[in-house]
Amino acid sequence: MRSLALGVVAVLATAACSGASPGPAPRAELAQGGETTARSVAGTVAGTSCSAFPDDNYWHADVRDLPVHPRSAQWRARMSPDSDLHPDFGPSYGDGPAYGIPVTVVKHRHRRVRVRFTYADESDRVRYPFGRDTRIEGGRGSSGDKHAIVVDRGSCRLYETWNTRVRRGKWRAGSGAVWSLRSNDLRPDGWTSADAAGLPILPGLLRWNEVRDREVDHAIRFTTDVTSRHHLWPARHDAGSTDSRAFPPMGARFRLRPGFSTDGFSPAAREVIRAMKTYGLVLADNGSPWFFQGERHKRWPERLISDLKRIPASAFEAVDTSDLMVSEDSGEVR
């Protein structure tokens, strides 16, 4: 996920699946290990009253009317433009846990532990609410990115780590970041997070219940293989391999063109397509081109995953988000 993790592209490729009404009241769904999984109900993380950042946050910005970015064509030409999108979540067909990034919701009184970080200077060195109930992307024995995402439902604080593991009862991770889900504050410029872009992962994940209930209200996190050593607001960090600005920077935002037809797509896929047209995709990490992320959930339909693989990268364009910015140090939008 960062410049020294040179094997990420291969890891992601092998780890991926070869695939406005208020809605119902929130319900907590118990998962293995006793934690609740994240459920999106009217924009909240389930089992909590916490939204995935304020309504005026960058992740929720409508980008349909934004101008095309001047470098849109350059960037797309260097992002495998003839490929199709790849949902990096869904059924694993018995090959380990379902694909996707799991989310754990805990009570405020959950035990806190110290985590030792590889990139300690750019990590939030506080105690994290981790334990036996903390689910890790790919499982604890995974060779992948091993992201952990935990939401404290009492304080509405988000804890995210990358390369998360436990050795002899001690927690370690490559990097870690903490956010208040009630705030638009960004990390210090130049700091990484659990993502190379220095952004939170949770608000960019597709979640099954928001797709099912037709209420996806945010941009979606995605990756590409070669990025520039630059980043665009609100990204705070980059991990590119070239200084050329002809390659996409972290934080670049892409939207699906409005004329893209939804004929032949399932209702669930049409909801994701609507979100891609309205909110777009945010380039947040290095990885396989046009892989986009969702939560790990056993109910992702096979038809949805198949449909999403039919969306061509050529149907996207980069947008200029500079006019959305209120402050360089805030994710608030105009």
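The values are calculated or read from the model by the stated rules, or taken from the named source; none is laboratory data. Please read all numbers here as calculations on a predicted model, not as lab measurements. Note that we place each Cβ from the backbone using ideal geometry, even for glycine, and neighbour counts take in every protein chain shown. To get the accessible areas, we keep the full protein, side chains included, count just its heavy atoms, and leave off ligands, DNA and RNA. Shrake-Rupley method; radii C 1.70, N 1.55, O 1.52, S 1.80 Å.
Quick test for you: out of 165, 182, 140, pick the one residue that is touching a strand residue (DSSP E or B) at 6+ places or on another chain (Cβ under 9 Å) and at pLDDT below 95. Break it down stepwise before answering.
Working: 165 fails: at pLDDT below 95; 182 fails: at pLDDT below 95.
Of 165, 182, 140, the one residue that is touching a strand residue (DSSP E or B) at 6+ places or on another chain (Cβ under 9 Å) and at pLDDT below 95 is 140.
Tell me, which residue of the range 268-296 that is outside any helix (DSSP H, G or I), touching a Phe, Trp or Tyr at 6+ places or on another chain (Cβ under 8 Å) and open to solvent by 10 Å² or more (accessible area, probe 1.4 Å) is nearest to residue 318 (Cα to Cα)? Lay out the reasoning, then the answer.
Of the residues in the range 268-296, the ones outside any helix (DSSP H, G or I) are 279-296.
Right, trim to touching a Phe, Trp or Tyr at 6+ places or on another chain (Cβ under 8 Å) and you get 279-284, 290-296.
Keeping just the survivors that are open to solvent by 10 Å² or more (accessible area, probe 1.4 Å) gives 279, 291, 296.
Values: 279: 12, 291: 16, 296: 28 Å.
Filtering first and then ranking leaves 279.
Looking at the range 230-253, can you tell me whether even one residue there is among the β-branched types (Val, Ile, Thr) and surrounded by 16 or more Cβ atoms within 10 Å (Cβ to Cβ)? Steps first, answer last, please.
Of all residues in the range 230-253, those among the β-branched types (Val, Ile, Thr) come to 242.
Checking which are surrounded by 16 or more Cβ atoms within 10 Å (Cβ to Cβ) leaves us with none.
No, every residue in the range 230-253 fails to be among the β-branched types (Val, Ile, Thr) and surrounded by 16 or more Cβ atoms within 10 Å (Cβ to Cβ).
Please go through (1) assigned to a loop (DSSP other than H, G, I, E, B); (2) within 21 Å of residue 232 (Cα to Cα); (3) open to solvent by 30 Å² or more (accessible area, probe 1.4 Å) for residue 79 and return the number of the only condition it doesn't satisfy.
(3)
Would it be correct to say that residue 226 is closer than 29 Å to residue 139 by Cα, open to solvent by 40 Å² or more (accessible area, probe 1.4 Å), out of contact with any strand residue (DSSP E or B) (no Cβ under 6 Å at 6 or more places or on another chain) and of a type in the set (A, V, I, L, M, F, W, C)?
On the way: closer than 29 Å to residue 139 by Cα: yes; open to solvent by 40 Å² or more (accessible area, probe 1.4 Å): yes; out of contact with any strand residue (DSSP E or B) (no Cβ under 6 Å at 6 or more places or on another chain): yes; of a type in the set (A, V, I, L, M, F, W, C): yes.
In short, yes.
How many residues does the range 139-166 hold that are surrounded by fewer than 21 Cβ atoms within 10 Å (Cβ to Cβ), touching a Pro at 6+ places or on another chain (Cβ under 8 Å) and closer than 17 Å to residue 205 by Cα?
Number of matching residues: 0.
Results for (1) at pLDDT 95 or above; (2) open to solvent by 50 Å² or more (accessible area, probe 1.4 Å); (3) not hydroxyl-bearing (Ser, Thr, Tyr), shown as yes or no for each residue.
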{"residue": "42", "(1), (2), (3)": "no, yes, yes"}
{"residue": "45", "(1), (2), (3)": "no, no, yes"}
{"residue": "54", "(1), (2), (3)": "yes, no, yes"}
{"residue": "62", "(1), (2), (3)": "yes, yes, yes"}
{"residue": "70", "(1), (2), (3)": "yes, yes, yes"}
{"residue": "91", "(1), (2), (3)": "no, no, yes"}
{"residue": "115", "(1), (2), (3)": "yes, no, yes"}
{"residue": "126", "(1), (2), (3)": "yes, yes, yes"}
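Could you please find all residues in the range 297-334 being farther than 23 Å from residue 65 by Cα, in contact with a strand residue (DSSP E or B) (Cβ under 6 Å, 6 or more places away or on another chain) and not in a loop (DSSP other than H, G, I, E, B)?
305, 308
Just one of 30, 66, 4 is among the aliphatic types (A, V, I, L, M), at pLDDT below 95, surrounded by fewer than 23 Cβ atoms within 10 Å (Cβ to Cβ) and closer than 25 Å to residue 186 by Cβ; which is it? Before the answer, list the steps.
Values: 30 fails: closer than 25 Å to residue 186 by Cβ; 66 fails: at pLDDT below 95.
The unique qualifying residue is 4.
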